[in-house]
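Structure first, then comments.
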Amino acid sequence: MSPAITRDVALSDFRAGMSRLASAVSVIATGSAQDPADWRGMTATAVSSLCAEPPSLVVCLNQQTGTYRRLRENGLFSVNVLASRDFRLAQTFAGQHGLVGAERFTTGDWTPGRLGTPVLGRALTSFECRVAQSVEYGTHCLLIGNIEAIHRQDEDDGAEPLVYHSHGFHGLGTGIGNTGGPRA
């Protein structure tokens, strides 16, 4: 059950503020290899790593979407991290080109992954996950996914991640420094 929500911040201020939070763009997809006609997917920016032990991540989805409803039935999903070259695909899965449901998967090179979830062949990285926990809050649900398979593109292909910022899609451009952290 979601707690009562009080609104001390105007919705327009919240949306304007959050638009300034640059985020990687992914397509969250669900379904099974046995029934690609029932695949569902949506563009999302609310994705984050959770921990390395066990390998897990977090996604936040609107509970009113068909993708969320299908994911809850299936218990499996993929997170497909998009490259800047895939901004039209991001628009498609955000509902901007009129395609709905499984029709969206006619764009891009989608195949069933190890768990049977749709995986984008040209994604920078795809994670196949099993839902471990979920928390409903307001209009959304926070889903913790245990990562069971990872598909990565060759880092040498020069593709930049697609980023959402200030109501638009962007590439990263020139890097300005290294964090000094571990590299894969």
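The values are calculated or read from the model by the stated rules, or taken from the named source; none is laboratory data. What you are looking at is a predicted structure, and each value in this text was computed from that prediction instead of being measured. Positions of Cβ are generated from backbone atoms using ideal geometry, with glycine treated the same way; all protein chains shown enter the neighbour counts. When the accessible area is computed, the model is the full protein with side chains, heavy atoms only, and any ligands, DNA or RNA have been set aside. Shrake-Rupley method; radii C 1.70, N 1.55, O 1.52, S 1.80 Å.
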Item to check | Residues of the stretch 109-127 satisfying the condition of being within 16 Å of the chain's Cα centre (by Cα) and assigned to a loop (DSSP other than H, G, I, E, B) | outcome: Gly113, Thr117, Gly121, Arg122, Ala123, Leu124
Checklist entry - Got at least one residue in the stretch 80-92 being closer than 17 Å to Trp110 by Cα, basic (Lys, Arg) and assigned to a strand (DSSP E or B)? => result no
Checklist entry - So which of Ser26, Ser48 ends up being among the hydroxyl-bearing types (Ser, Thr, Tyr) and surrounded by fewer than 20 Cβ atoms within 10 Å (Cβ to Cβ)? => result Ser48
Checklist entry - When both residues are 6+ apart or on different chains and their Cβ atoms are under 9 Å apart, which pairs have a first residue that lies in the stretch 136-152 and is more than 16 Å from Leu71 (Cβ to Cβ), and a second that is open to solvent by 70 Å² or more (accessible area, probe 1.4 Å) and charged (D, E, K, R)? => result Ala149/Arg114; His151/Arg114
Item to check | Any pair with Cβ under 7 angstrom, 6 or more apart, that starts in the stretch 60-84 at a residue that is over 22 Å from Arg114 (Cα atoms) and ends at one that is buried (at least 19 other Cβ atoms within 10 Å of the Cβ) and small (Gly, Ala, Ser) | outcome: Leu61/Ala44
Checklist entry - What are the residue pairs meeting all of these: first residue in the stretch 97-108, first residue part of a loop (DSSP other than H, G, I, E, B), second residue open to solvent by 50 Å² or more (accessible area, probe 1.4 Å) and of a type in the set (Phe, Trp, Tyr), Cβ atoms under 9 Å, and 6 or more apart or on different chains? => result none
Item to check | Scan of the stretch 113-133 for residues that are touching a residue at least 12 places away in the same chain (Cβ under 8 Å) and either among the charged types (D, E, K, R) or farther than 23 Å from Ala159 by Cα (or both), ordered by number | outcome: Arg114, Leu115, Gly116, Thr117, Arg122, Glu128, Cys129, Arg130, Val131, Ala132
Checklist entry - Which members of the stretch 35-82 meet the condition of being in contact with a Lys or Arg (Cβ under 7 Å, 6 or more places away or on another chain) and small (Gly, Ala, Ser)? => result Gly41, Gly66, Gly75
Next on the checklist: Given the options Ser48, Ser32, name the one that is in a loop (DSSP other than H, G, I, E, B) and among the hydroxyl-bearing types (Ser, Thr, Tyr).
Outcome noted: Ser32
